[in-house]
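Single-structure report; data block below.
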Amino acid sequence: MILLAGAATAEAASSVCTRLEGRLASLQRSQGASAGKAASQDNAINQQRAALNAANAEARRAGCKGGFLMFKSTSAAPQCSGILKRINAIQANLNRLEQRRSASAFDPNASARQRSDILQQLALNDCGPQYAAYAQQRPRNFLERLFNPENRVYDTQQVARVPAVAERDPGYSSGETERGFGGGSYRTLCVRTCDGYYFPISFSTRRSNFATDEQVCQQMCPGTNVALYAHRNPGQNSGDARSTTDETPYSALPTAFAYRTSFNPGCTCGSPSSVAAFTGGYSASTLATETALSEPMPPVPGTAPPTGEDPETLANRAGGLDPDSLGTASVETPVANLAPPRQAGVLRRVGPSYFYAAQ
């Protein structure tokens, strides 16, 4: 009994689907026929309108139309009577065509609504997977009716999904330090490996400039082992710096931040010779030895200069200057004679002459 009931239900559902599919096919055929008939009627109407415009233009050229009246007297021109009759006939035919077009007007929106209703019924009755997409229960909104009046359902395209890579703000800093150096700006630090002391080289540079900054680091701190470290700027701090050579973190350095808690006198930036040049040859041991002397030695005065001698004479004597070796001036070449003085006399007058009339 259960099998018979199931078979009867399936047969009833099949008949409903067949009837609905028949209605859909009939509607589509009628839509096609109505659309073709409407197109032919529109073509005939357009032809009649063109003929009417041509006849009216011919009547105006012949003088049959114009002035305050729509039509002039037929006596205006011999051919006006025939032209006006043709115009009336064309106008009457155009009116009949427009009436037929209005009576059999094809409404695409009404046909689309009928088609949508049939497709929804096919989907609700489970008439096939091809109708499942049409089983919408909500009413269509204004935009759907405007841009998709026929309620067409397009097949969903299978698109390969690629996981998106989350973009990071260059200034963002997570709690962890990124491994490796990539794009962006970096702050480079010159690290003294003997005590972990560091000072900046560049505040905003690129990875391609690390080699140049390393040379500057070695030049600024000669005589000791130094290494170049870098961290992102902005986004990280000095504790996140890594070696530009092997990417080892600064915190892994055995002497990291050791300069903050201890002092190593032998860990300085500069060789002993260069340090001596700045300190005038004094060292810490020399200063300590001189300070340890119990009795400082008294100063020894120098030889006093003879009384009455000026400093220039003393300098000449110290330099071994001999006044007799200076010699005398040579007078073999006398000084050129000066030009003779100008004698007093009449001077040449330069300028125009003026003549005055006698009074």
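Please treat every number below as a calculation from the coordinates, not as lab data. As the structure is a prediction and not an experimental result, all values here were calculated from the model. Here the Cβ positions follow ideal geometry from the backbone for every residue, glycine too, while neighbour counts run over all protein chains shown.
Dimensions of segment 183-266 from C-alpha coordinates, computed as largest minus smallest value along each principal axis and given longest first, are 38, 25, 20 Å.
At full extension, A133 and V216 could sit 22.9 nm farther apart than now, given 0.36 nm per residue minus the alpha carbon distance.
Shown is the FRET efficiency for R60 and R23, computed with R0 = 45 Å from the Cβ-Cβ distance and rounded to the nearest 0.05: 0.25.
Mean sequence separation of contacting Cα pairs (under 8 Å, at least six apart), scaled by the length of segment 186-260, corresponds to a relative contact order of 35 percent. Within the shell defined by Cβ-Cβ distances under 15 Å, the residues around T188 carry a net charge of +2, with Lys and Arg each +1 and Asp and Glu each -1. Label separation (N95 vs S238): 10.2 nm, computed from points 7 Å beyond Cα along the C-beta direction.
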